[in-house]
Amino acid sequence: MSDSTAIAHSPHDAPEHGHEEHPAYLRHHFENVEQQADAAGFAMWLFLLTEVMFFGGLFTAYLIYRNWYYPAFVAASHQLDIFWGTLNTLLLISSSFTMAMGVWCAETRKKQGLVLCLVLTFILGIGFLGIKTIEYKEKIEKHHVPGFHYSLNSFLNPDTDEAAVKAGDKPLPLDMARHTEVYFSLYFAMTGMHALHMIIGIAILGFMIFRAQAGAYTAGHVTFVENFGLYWHFVDIVWIFLFPLLYLISRHANT
Amino acid sequence: MTDQKEMEESQHHVVSPVIYLIVFGALLVFTALTVGASYVEMGIFNPIAAILIACIKAVIVVLFFMHVKYSSKLTKLTVIAGIFTFVTLISMTLADYISRAWGRW
């Protein structure tokens, strides 16, 4: 068994192949390290474009429904807390900065710096999800999660709802109030998909922290850190658009 | 000959931390700006300002944090093609919904 494996692999180890000195991480189907890095970067961008189209569909749905059920979307968006939204934006922008610094540390072969940057990014990402949990919990308590237990109370009797009073909401007619559920469906779909991307990113970060401690990314081969950085910044960009669309643009719409 | 030229062209560019710090500062300023603008009554310009600021922030992140400014022409073309396709799709969809009941309002 072990013999046959050795035979199967022997052509790769044969001396005629090693006509040129090259780093161990250069795959044999690439001409050189540059070409390999370019190919990996190109592939990562193609993946991100599919992600753009995916989130783009959600954004388009949001824009169309906001135009159709405008009063419902305005009243429903008043239920979100700008304080938490802004804090989360700051956390995510900071995590993008620490990630960018991590890529720089990997490129300049600073192992301790890279580990520190990855750990900071990890913590900021967890912090973002923690705040999202606080916001989701409030939505669950107020029965603003679409489904059988959805409550129209905040929109039919706005004077009983603190957030609605603060925004100066007037009662919506029943048929319009029902459409607030569409807003919250899109809210949970968009922030939920964004949070899922964060969770996947944080899991990969955890893996990278161990690999970085072993010195895997500070020996010249930085493709993995670089491409993960692209992913993390993309998730940041999605939030950069989610934040104004969900939290900010309807602040004044009914005064 | 061409190999050499290509290699020089795609020479890996390390972006300095100073630029990252400036970008980080700019992103914080734009975040403060967009939150502040949402408290000012501007009517139709409230969403326009918010989306404009978001676009500026996204472009800064793509150019500097994601290194596109220093990337190969292939990467630049890929990014531009993606944005173009997305804008085309979203504007065609919205044009359909806007014009569907044309003249019947």
List the relative contact order of region A:33-248 as a percent without decimals, with contacts defined as Cα pairs under 8 Å and 6+ residues apart.
35 percent
Spatial separation of Cα centroids for region A:141-166 and region B:26-105, in angstrom
31 Å
Ascending count of other beta-carbon atoms within 10 Å, so fewest first, for A:Asp169, A:Asp175:
A:Asp175, A:Asp169
Measure nothing fancy, just the Cα-based angle from helix A:180-213's long axis to the longest principal axis of chain A, in degrees from 0 to 90, nearest 10.
30 degrees
GNM, chain B, Cα, under 10 Å: largest mean-square fluctuation among B:Val40, B:Val62, B:Val79?
B:Val40
Apply the Karplus parameterisation 6.51 cos²θ - 1.76 cosθ + 1.60, with θ equal to phi minus 60°, to every residue of region B:32-47 and state each ³J(HN,Hα) to the nearest whole Hz, in sequence, with x for glycine and proline.
4, 4, 6, 5, x, 5, 5, 8, 9, 6, 10, x, 5, 7, 4, x
Within chain A, longest stretch free of exposed GluC sites (Glu not before Pro) [DSSP loop, at most 12 other beta carbons within 10 Å]
A:32-255
How crowded by other chains is A:237-244, given as the mean number of beta carbons from other chains within 10 Å of each beta carbon?
6
Chain A, Gaussian network, Cα under 10 Å: of A:Ala75, A:Ala164, A:Ala106, the residue fluctuating most is A:Ala164
Quick one: Debye curve from the alpha-carbon atoms of chain A only, equal weights, vacuum; give me log10 I(q)/I(0) at q = 0.16, 0.18 Å⁻¹ to two decimals.
-1.13, -1.31
Check each of the trypsin sites (Lys or Arg not before Pro) in region B:34-105 and keep only those in coil by DSSP with at most 15 other C-beta atoms within 10 angstrom; list them in order.
B:Arg100, B:Arg104
Ordering of A:84-93, B:87-96 by burial proxy (mean other Cβ atoms within 10 Å per residue, highest first):
A:84-93, B:87-96
May I ask you to derive the relative contact order of chain B, considering only C-alpha pairs under 8 Å and at least 6 residues apart, and to give it as an integer percent?
28 percent
Using alpha carbons only, how many degrees (0 to 90, rounded to 10) separate the axis of helix A:2-13 from the longest principal axis of chain A?
90 degrees
What do you get for the angle between helix B:73-99 and the principal long axis of chain B? Use alpha-carbon atoms, 0 to 90 degrees, nearest ten.
10 degrees
The long-range amide H neighbours of A:Ala216, using H built 1.01 Å from N in the peptide plane and a cut-off of under 5 Å, are none
So which lysines pass the test for B:Lys76, namely a Cα distance under 28 Å, with those fewer than 8 places away in the same chain ruled out?
B:Lys5, B:Lys57
Past the 20 Å Cα-Cα mark, which pairs from A:Lys132/A:Lys166; A:Lys142/A:Lys166; A:Lys139/A:Lys166?
A:Lys132/A:Lys166
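Laboratory data are not the source of any read-out in this text; all were calculated from the coordinates shown. Computed from a predicted structure; not experimentally measured. Neighbour counts run over all protein chains shown; Cβ positions are idealised from the backbone, glycine included.
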